[in-house]
1. Pairs please, first residue from segment 302-319 and in the same structural domain as G220 (by TED's automatic domain parsing) and under 14 Å from Q229 (Cα atoms), second anywhere and surrounded by fewer than 17 Cβ atoms within 10 Å (Cβ to Cβ) and of a type in the set (D, E), Cβ atoms under 8 Å, 6+ apart in sequence or on different chains.
2. If we keep just the residues of segment 137-156 that are more than 20 Å from D174 (Cα to Cα) and charged (D, E, K, R), which is modelled with the lowest pLDDT?
3. For N188, indicate whether it is assigned by TED's automatic domain parsing to the domain that holds H107 and at positive phi.
4. Any residue in segment 279-292 that is assigned to a helix (DSSP H, G or I) and either modelled with pLDDT of 95 or more or farther than 30 Å from F177 by Cα (or both)?
5. Take S268 and decide whether it is part of a loop (DSSP other than H, G, I, E, B) and either at pLDDT 95 or above or aromatic (F, W, Y) (or both).
6. Give D129, D237 a once-over and let me know the one that is without any contact (Cβ under 8 Å) to a residue 60 or more places away in the chain, out of contact with any Ser or Thr (no Cβ under 8 Å at 6 or more places or on another chain) and not polar (S, T, N, Q).
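The values are calculated or read from the model by the stated rules, or taken from the named source; none is laboratory data. These figures come from a predicted structure and were not determined experimentally. Glycine also receives a Cβ, built like all others from the backbone with ideal geometry; neighbour counts cover every protein chain displayed.
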Amino acid sequence: MFEIQTNTYIVYTLTSLCEQKIFSMNLSRIVTKLREKGFKRFFLSILSSLYQKPVIRNITRLIAPPRKPEKWVFLVGCYNSGTTITQKILSLHPDIQASIFGREGVHYTSNLPKPDDLGWARMWIKCKDHMHIDEDDNFRAEQVKKDWRILWRGKEPIFIEKSITNITRMKWFDHHFKNSYFIGMTRNGYCVSEGIVRRAQPTHAPAIFEHQGPYPIEWGAMQWVEANQRLLDGRTDVKNYMEFSYESFTANPIPILEAIWKFLDLPSPEMTFSKGILKISDLSVSLKNMNDKSLANLGEEQKEKISPVIEPMMDKLGY
């Protein structure tokens, strides 16, 4: 009964918005309007859930105007490498827009395979064949662009996307998304391995038929190695690429941010960093290195298990 009442209220609200001609705008402006009306996170969550449904996306395509950003920025790295906080920080620049819904772009299109489709949360190495996209698949690329075009307001020239699985198809994005820029992030393999197994486990079939419960620590290590190998391979396949480490970024983000603004040919806003608080213009965000906490969560036996798995890649990355 609650679900029926909630859905009825959603339909009533969206109908009201249509009567106000808000739907002649794009969806991000609808979100802004809802925020102005005081709905904030509740309705943003509802709209996010709705737009994850293919039928809603197909309807929205008929309404949203065709447009593309001047530049696509893909923030790539392994799970638990700090890409989420970094995307938030980069989107503080007035010329950069991240998804209005906050979630990764793969959740708002049916044309980018993701491990979650098969129940493999944070573990795409278990379904690498599923992740594959033919390099010459332009049709799929155009569909993704149509699905994503309402995720940004349109006034910012740069759209930043940070779906973790983008690391498996950097060359494809570079080929089909005009003016693509890739920013790679690396992080200590012990910390990433710990974070993966702590935060994820299979969610549904067919993954749970192969494994139930928390992942073995070795799986987290193998996922980290494979992701960083894709990063090393991918950076030679794309035209515009730069990278930095989570450790250097959390220690002092200012020089790295200056390099990113230059990489993207953007003016540098006023920035300060003191006592873990980063300020960009009049906006601020907390930034802290969480490696010590992750390492403390790892037992000596776990470290011994993954050491031979990750150490060769740790050496390659300069750890």
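1. Final answer for the pair search is V309/E218.
2. For segment 137-156, the residue satisfying everything is R153.
3. On the way: assigned by TED's automatic domain parsing to the domain that holds H107: yes; at positive phi: no.
No; evaluated as a whole, the condition is false for this residue.
4. Yes, segment 279-292 has at least one match.
5. Numbers: part of a loop (DSSP other than H, G, I, E, B): yes; either at pLDDT 95 or above or aromatic (F, W, Y) (or both): yes.
So S268 fits the description; yes.
6. Working: D237 fails: without any contact (Cβ under 8 Å) to a residue 60 or more places away in the chain.
Matching residue, one of D129, D237: D129.
Let's see how each residue does on (1) assigned by TED's automatic domain parsing to the domain that holds L278; (2) more than 19 Å from the chain's Cα centre (by Cα); (3) more than 27 Å from K178 (Cα to Cα):
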site	(1), (2), (3)
S48	no, no, no
I56	no, yes, no
G77	yes, no, no
A98	yes, no, no
E104	yes, no, no
H107	yes, no, no
M123	yes, no, yes
K128	yes, no, no
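Yes/no per residue for (1) in contact with a strand residue (DSSP E or B) (Cβ under 6 Å, 6 or more places away or on another chain); (2) within 22 Å of S294 (Cα to Cα); (3) assigned by TED's automatic domain parsing to the domain that holds I167:
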{"residue": "R199", "(1), (2), (3)": "no, yes, yes"}
{"residue": "P216", "(1), (2), (3)": "no, yes, yes"}
{"residue": "N228", "(1), (2), (3)": "no, yes, yes"}
{"residue": "F244", "(1), (2), (3)": "no, yes, yes"}
{"residue": "S248", "(1), (2), (3)": "no, yes, yes"}
{"residue": "I256", "(1), (2), (3)": "yes, no, yes"}
{"residue": "W261", "(1), (2), (3)": "no, no, yes"}
{"residue": "I277", "(1), (2), (3)": "yes, yes, yes"}
